[in-house]
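Reading through the structure tokens given below for one structure.
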Amino acid sequence: MEPLPQHPHVEHVVFTRVLDHLTASEYALAVLCSVSRQMKVFAVTKDLPGFEEFHREMYERSYHRITAKGSVRRILAGDHHATVVAIAVHSMHKSAEHDRLAEEAIHRMAAAEVKEDARRWITSVRAWHERTTTELQVAMTRTRESVGEAFWTSALQLDD
């Protein structure tokens with residue numbers, strides 16, 4: 001694994017902001033999980049094409065975001081071991097992969113011919129999905145800039 005660049009002050013400032021963006025992403029994802037679970041209850045939404053895949057992706061997205069956030073908290077607490085930083089990077093990347101799968105499922109739901117009630121649910125899902133993914137992307141960009149391309153690339157090679 002590539003060594004980390006050593007800039008403790010910059011690192012702390014950057015990772016404080018990364019944590020802020022992960023927290024905002026997690027907030028939006030929590031609402032999205034709640035909306036998704038509620039959609040399972042209603043006949044008009046539970047059988048939408050792509051809905052089951054979308055709902056399943058909530059688990060992976062949540063796990064990887066929580067792992068990334070926990071790793072960033074450890075970094076801010078002074079644990080700068082390269083594996084902790086690598087796990088933060090890897091977890092953000094895995095969460096983004098599952099965001100893309102969820103987005104594909106959202107597109108399938110949106111492309112279906114549905115009643116207006118279902119369309120409103122899909123619109124809500126899209127808005128919360130965009131919010132959670134945007135915040136994650138900002139966190140990833142700031143992290144990547146902080147750790148450098150070589151470390152970022154090596155962190156993506158971690159085993160799942």
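The values are calculated or read from the model by the stated rules, or taken from the named source; none is laboratory data. What you see is a predicted model; the values in this text were computed from it and never measured. Methodologically, a virtual Cβ is constructed for each residue, glycine included, from the backbone with ideal geometry; neighbour enumeration extends over all protein chains shown.
Residue count for region 119-152, restricted to those that are aliphatic (A, V, I, L, M) and modelled with pLDDT under 95: 2.
State yes or no: is ALA86 surrounded by 15 or more Cβ atoms within 10 Å (Cβ to Cβ), part of a helix (DSSP H, G or I) and touching a residue at least 24 places away in the same chain (Cβ under 8 Å)?
Against the criterion (surrounded by 15 or more Cβ atoms within 10 Å (Cβ to Cβ), part of a helix (DSSP H, G or I) and touching a residue at least 24 places away in the same chain (Cβ under 8 Å)), ALA86 qualifies.
Among residues of region 28-55 being aliphatic (A, V, I, L, M) and assigned to a loop (DSSP other than H, G, I, E, B), the one that is surrounded by the most Cβ atoms within 10 Å (Cβ to Cβ) is LEU48. The residue of region 111-130 that is nearest to the chain's Cα centre (by Cα), among those that are within 16 Å of LEU101 (Cα to Cα) and touching a residue at least 12 places away in the same chain (Cβ under 8 Å), is HIS129. Regarding THR143, is this residue surrounded by fewer than 21 Cβ atoms within 10 Å (Cβ to Cβ), on the phi < 0 side of the Ramachandran plot and among the β-branched types (Val, Ile, Thr)? When the stated conditions are applied, THR143 does not pass them.
The set of residues in region 66-83 being within 14 Å of THR16 (Cα to Cα) and of a type in the set (S, T, N, Q) consists of SER71 alone. Residue count for region 109-160 under the criterion of being touching a Ser or Thr at 6+ places or on another chain (Cβ under 9 Å) and part of a loop (DSSP other than H, G, I, E, B): the result is 2. Listed residues GLU60, GLU116; which is surrounded by fewer than 17 Cβ atoms within 10 Å (Cβ to Cβ) and modelled with pLDDT under 95? Criteria check complete, one pass: GLU116.
Within region 13-54, the residues that satisfy the criterion of being farther than 14 Å from THR134 by Cβ, small (Gly, Ala, Ser) and touching a helix residue (DSSP H, G or I) at 6+ places or on another chain (Cβ under 7 Å) are SER36, GLY50.
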